[in-house]
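Data first, discussion second: the structure below is written as structure tokens.
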Amino acid sequence: MPYPILSIGIALMLLFVLGHNFAVAQEAEITGQRPSVNDTSLTVEQVAGGLISPTTMAFLDEDTILVLEKDNGRVRLIEDRELQPEPLIDVAVANDGERGMLGIAVSRENDTTTYVFLYFTESGGGVDGDDMQGVPPAGNRLYRYELQGNQLVNPTLLLDLPALPGPRYNGGPVVIGPDNNVYVIIGDVGGHTAMVQNFENGTGADGTSGILRVGKNGEVPEPIIGTGAFAKYYFAYGMRSSDGMDFDPMTGILWDTENGAPFVDEINLVNAGFNSGWKIVQGMVPPDYNLTDLVMFNEESHYSNPEFTWTEPVNPTALEFLNSNALGQQYENDMFVGDMSNGTIYRFELNENRSEFVLEGALDDTIANTPEEVEDAIFGTGFGGISDIKTGPDGYLYILSFVDGTLFRVVPAADALQPNAVVAGGTADLTVRAADLSGDTITGVYIVIEATNGTTLMEGHAPLTFTGTVESTYTVTVPVLGNMKFDRWDNGVTDRTRSITLGQGDTTITAYLDVESTSGNATIDSRTVIIQRFADIVDQDNCFDAEDARRLYMVIGNVIRNLFSESEGGSNQLQQEIDGLVQDCQVVSAAPNELNPGNPTNAIEPSESNSEEEGGGGDEEEGGGGDEEEGGGGDEEEGGGGDEEEGGGDGGEEE
């Protein structure tokens, strides 16, 4: 069989070139759960939608909000609850994994000058996403812009931090501190092994794994851990990955969220010189634990246990103190934390001196060992992957959903502005079926249901049922393969993608397909067409033999392993379908000039960056290349470049 590896490579390439037409996603657990809060005196309303992978936000005033979009480098403007069509700025960002447009803070200096600080992974070639084509990013950079009208101008580079090896753990939150300095978090960027990661023999502070601060005009604050090129900016260090921080408005003390590997997420109280412990310590340690392996730069360096941990990761992101009594005095100055994994908001009350949480019952040890234990701390659910939480100038709590591309806010029920309040509506089912032109049902046709901003909410095979929100609009697409051609929807629309707004009752829509050869009253399964199309690609000599079948099973079984559900026979059914294509092929001797197919192992060029030169050094086991648990490869559950639920793919531990 000539070019066996190239055959598989071609099949894989076509799989992705044709999008997820061939891919069979497991039916998503996202079923249109509506955002809600536990307090019945409060409600949730939508402020604006249509955002694409939003990461963070900042307020210019009560009616004007700036929102960052991760992958396209845009700063979007929301005015009077409407998303404006033109961005304030559009910069080229590297966007693989957790790279992208990541953090924003606003500082109104006087009546004529407003600074906007942006932290993003700058593209190395001036094109969004060119890092996925092998172009190294220019760096994780903090810029100061000036707001003039509806534009951001006069960029000033304040910090130029590493972005390699990546693409994970770039951090992102930016806040203005009580000292009027600009604070930004960065993680270990996928595997640096410096002293700030507690490698005693590593290089010095290298601009990763820390909370750094700089003056608004680039001034260097009073050094805390050292005076080196990067060390002079450090406020704290030892962070693996973080996507949330805020200053307590009552004490001026900084707190952050941190993501563990592959277990134990944390909330930390961060004083100057704090060493969070990565890569030596995670989670709580007993009082007699030997901490001599931690790197302490000077007398200000210190370690302290987290104030709260989740044993099972939830990927905490935003952290916000509600500096307002607009939701009721019982919530004023409480801490609210969002997560990316579940779209959940947690509420934490602090003790009198604001140094720890007031927790009872199963959480009195400050450890959530199971999801059930943390239920008493839950304030709200159903927000999709939460990327940011802020207190608005109106005193209400604003929540940014990375998954939904929507900005919500929590308000007193009496103040809710209809029709955007989502609490008063309901849910309804949308069922998508497929049929041939005579009306006979076609099973197995692949369906994609998306939000209006392009976020995929559910994928699967017809008939497919999705639970959505009443009065919300969704798009439904039927990617058609093989001998089937899309004809029309039941409403006469001939485009393969249609929009539908759910009413109060359940809705069923039908896609009609033109199939070249069918028997009367036959049920057609498009998965058979998918398998046949792949067989045609893998077969190079017009005779599909047992070796072709082995390679085809490897391609389909490894890439789209759930083509058939367990109730349908799963992988055994897939194997039977493939074996049914095997032909009795006669062996034909190859001519001498047909025996040198070249070097198929070079058919696909690797696109990995050189982490030893560019990612903080160190040996492969500890650095960007080596051991998956320790370096840039990593457990997929640990970052936005990993598990799809974490956004960052998104988004974020995010991600």
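Rule-based calculations on the coordinates, nothing more; no lab input. Every value quoted in this text rests on a predicted model; they were computed, and no experiment measured them. Cβ placement follows ideal geometry from the backbone for every residue including glycine, while neighbour counts extend to all protein chains displayed.
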Self-check item: Distance histogram for region 36-127 (every C-alpha pair counted, 10 angstrom bins, percent rounded to whole numbers)
Solution: 16, 41, 29, 12, 2, 0
Quiz item: Residue separation times 0.36 nm, minus the C-alpha to C-alpha distance between A229 and M296: what's the value?
Solution: 22.3 nm
Quiz prompt | From phi via Karplus (6.51, -1.76, 1.60), per-residue ³J(HN,Hα) for region 40-47 in Hz, x at Gly/Pro | solution = 5, 7, 10, 9, 10, 10, 7, 8
Quiz item: Which whole-number percent is the relative contact order of region 257-323 (Cα, under 8 Å, 6+ apart)?
Solution: 50
Exercise. Please give the FRET efficiency for Q148 paired with T366, using the beta carbon to beta carbon distance and R0 = 56 Å, rounded to the nearest 0.05.
Key: 0.75
Self-check item: Packing-based exposure ordering (other Cβ within 10 Å, fewest first) of V411, V285
Solution: V285, V411
Quiz item: Along region 148-161, what does the Karplus equation 6.51 cos²θ - 1.76 cosθ + 1.60 (θ = phi - 60°) give for ³J(HN,Hα), rounded to whole Hz, x for Gly and Pro?
Solution: 10, x, 10, 9, 9, 9, 6, x, 10, 6, 9, 9, 10, 10
Quiz item: Where nothing but the Cβ of Lys and Arg (+1) and of Asp and Glu (-1) is charged, how large is the charge dipole of region 36-415 around its Cα centre, in debye to the nearest 20?
Solution: 1140
Quiz item: Once fully extended, how much extra length lies between T427 and T473, figured as 0.36 nm per residue of separation less the alpha-carbon to alpha-carbon distance?
Solution: 15.3 nm
Quiz item: Once amide H atoms are placed 1.01 Å from N in the peptide plane, what residues at a sequence separation of 5 or more from V47, or on another chain, have their amide H within under 5 Å of its amide H?
Solution: L407, F408, R409
Quiz item: Rounded, prolate or oblate: which one fits region 79-205, using the alpha carbon gyration tensor with axes a ≥ b ≥ c (rounded when a/c is under 1.5, else prolate when a/b beats b/c, else oblate)?
Solution: oblate
Quiz item: Can you list, largest first and rounded to whole Å, the semi-axes you get for region 114-269 by taking the square root of 5 times each eigenvalue of its Cα gyration tensor?
Solution: 23, 22, 15
Quiz item: Between N323 and residues 5 or more places away or on another chain, which pairs have amide H atoms under 5 Å apart, with H built 1.01 Å from N, and which residues are they?
Solution: N333
Quiz item: What lysines could a cross-link reach from K70, if we take a straight Cα to Cα line under 20 Å and drop same-chain neighbours fewer than 8 places away?
Solution: K390
Quiz prompt | Modelled label reach - I378, point 7 Å along Cα→Cβ, region 302-318 residues with backbone N closer than 14 Å | solution = 314
Quiz item: How many nm separate the modelled label positions at N323 and K485, each set 7 Å beyond the Cα in the direction of the Cβ?
Solution: 6.4
Quiz prompt | Table column - 3J(HN,Hα) (Hz), region 175-185, Karplus curve with 6.51, -1.76, 1.60, x for Gly and Pro | solution = 9, 8, x, x, 8, 6, 8, 9, 10, 9, 9
Quiz prompt | Average silhouette area of region 229-293, convex hull of alpha-carbon atoms, in square nanometres | solution = 5.6
Exercise. Bin all alpha-carbon pair distances of region 36-415 at 20 Å intervals from 0 and give each bin's fraction as a whole percent.
Key: 30, 61, 9
Practice problem: Label region 264-329 by shape, choosing from rounded, prolate and oblate, from the square roots a ≥ b ≥ c of the eigenvalues of the Cα gyration tensor; if a/c is under 1.5 it is rounded, and otherwise prolate applies when a/b is larger than b/c, oblate when it is not. | Solution: prolate
Practice problem: Evaluate the charge dipole of region 328-401 about its Cα centre and quote only its size in Debye, nearest 20, assuming +1 on the Cβ of each Lys and Arg and -1 on the Cβ of each Asp and Glu. | Solution: 420
Quiz item: Name the trypsin sites (Lys or Arg not before Pro) in region 267-361 that are in a loop by DSSP and that have at most 12 other C-beta atoms within 10 Å, would you?
Solution: none
Quiz prompt | Amide H within-cut-off set for V270, under 5 Å, with H built and near neighbours excluded | solution = L254, W255, D256
